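Student: Below are the structure tokens for one structure; questions will follow.
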Amino acid sequence: MTEKKNRPTGSSTLRVPGRARKSSATPGSRLVQNDSDAPQKMRAQSVSLRTARGRTTAQQRWLSRQLNDPYVQAAHKQGWRSRAAFKLIELDDRFHLIRPGMRIVDLGAAPGGWTQVLVKRGASQVVGVDLLPVEPVAGAEIIEGDFTDPEMDARLISMLGGKADLVVSDMAPNTTGHAPTDHVRIIGLAEEALHFAFDILAEGGGFVAKVFQGGSEKAMLNTMKQAFTQVRHAKPPASRKDSSELYVVATGFRPDRINTQTA
Ligand SMILES: C[S@@+](CC[C@H](N)C(=O)[O-])C[C@H]1O[C@@H](n2cnc3c(N)ncnc32)[C@H](O)[C@@H]1O
């Protein structure tokens, strides 16, 4: 198993309802919105005025965007816990990543939207982890904890009880508002996820991770190109246009191509 301390730092088209209708989905309702570009950004804008209802202007803006977001409304209607669920649905529709009977690890699972999709699309075993608590998802096991803890890999591997067919990571650190810092942080998480994938993936397995548009992930991409048959970038339609997030999708894991330098 790769030691964490040695690791580098660092469709069917979705039919969404029209934008006009108001939804009952508010931040207090069951649908939890924790995409990387949401409340953290709000917190970063610390200087803001409070409205008559006690919300900051940034909170007011976020709420208004939520209420007018067709994906938020569709998630609420269809029972997904996050609008992020649609990102995985769209990625899967395009790349055919999830197949019945698969064993899958879900990194950064809260509030559980991707986990729901994985189970719904037939995964036989789903193991997830998040810093935040996640309400149980039938058919999945989720640990509350930090994926970067040195013992977390072993815990996840033992819970899965065998090799994984797919590792997905939607992990996003709290954003600082300083793009280069945010980029380095998210790439650090994605690299950890990749090296974990090297430890746990079966031959032919797949890997999906959230990254931010930037440039410094070249080293990670080169490593991935050695270890997988195909590596592509994708920005699913559900990913907000004003967010620099995108996903790297690697398929056809080739364990024989992993050498000590790569791992
Ligand atoms: C965008 S959300 C994931 C949304 C999820 N895919 C869904 O559909 O519901 C990103 C998550 O990454 C988690 N995260 C960030 N850093 C983490 C870490 N070091 N270990 C575990 N989870 C982490 C955050 O707590 C957050 O819940």
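The values are calculated or read from the model by the stated rules, or taken from the named source; none is laboratory data. Model, not experiment: these values are computed from the prediction. Virtual Cβ from ideal backbone geometry, glycine too; neighbours counted across all protein chains shown. Each accessible area value is taken on the protein alone, full model and side chains, heavy atoms only, with ligands, DNA and RNA left out. Shrake-Rupley method; radii C 1.70, N 1.55, O 1.52, S 1.80 Å.
Student: Kindly identify the range 198-240 as rounded, prolate or oblate by the Cα gyration tensor criterion: order the square roots of the eigenvalues as a ≥ b ≥ c, call it rounded if a/c is under 1.5, otherwise compare a/b with b/c, prolate if a/b is larger, else oblate.
Tutor: Numbers: a/c = 2.32, a/b = 1.43, b/c = 1.63.
In terms of gyration-tensor shape, oblate.
Student: Take every DSSP beta bridge whose two residues both sit in the range 82-257, then give the antiparallel share in percent to the nearest 5. It would help to have the intermediate numbers written out before the result.
Tutor: On the way: 12 of 31 bridges.
Around 40 percent of the beta bridges assigned by DSSP in the range 82-257 are antiparallel ones.
Student: I've got another one for you. Could you quote the convex hull projected area for the range 83-212, Cα atoms only and averaged over all directions, in nm²? Walk me through the numbers before you get to the answer.
Tutor: Details: hull surface 30.1 nm².
About 7.5 nm², averaged over all directions.
Student: What number comes out for the charge environment of Gly122, summing +1 per Lys or Arg and -1 per Asp or Glu over other residues with Cβ under 12 Å away? Provide the component values of the computation, followed by the final result.
Tutor: On the way: positive: Arg99, Arg103, Lys120, Arg121; negative: Asp92, Asp165.
Neighbourhood net charge equals +2.
Student: I'd like the accessible area for Asp92, computed on protein heavy atoms only with a 1.4 Å probe and all protein chains in place. Round to 10 Å², please.
Tutor: 10 Å²
Student: How many angstrom lie between the Cα centre of the range 140-191 and the Cα centre of the range 77-118?
Tutor: Cα centroid of the range 140-191 versus Cα centroid of the range 77-118: 16 Å apart.
Student: Mind checking the full-extension length gain between Asp149 and Asp242? Use 0.36 nm per residue of separation minus the Cα-Cα distance, one decimal, nm.
Tutor: Details: separation 93, 0.36 × 93 = 33.48 nm, distance 3.19 nm.
Answer, rounded to one decimal: 30.3 nm.
Student: Please give the length that would be gained between Asn174 and Asn222 if that part of the chain were fully extended, namely 0.36 nm times their separation in residues minus their C-alpha to C-alpha distance (nm, one decimal). Intermediate values should be presented prior to the final figure.
Tutor: Working: separation 48, 0.36 × 48 = 17.28 nm, distance 2.64 nm.
This chain segment gains 14.6 nm when fully extended.
Student: Grab the other residues whose beta carbon is less than 12 angstrom from that of Leu131, score K and R as +1, D and E as -1, and report the net. Could the numbers behind the result be given before it?
Tutor: On the way: positive: none; negative: Asp130, Glu144, Asp146, Asp149.
Local charge sum for Leu131: -4.
Student: What is the packing order of peptides 230-241, 124-135, taking the mean over residues of other C-beta atoms within 10 Å and listing the highest first?
Tutor: Values: 230-241: 15.9, 124-135: 18.8.
Listed from highest to lowest mean packing, they are 124-135, 230-241.
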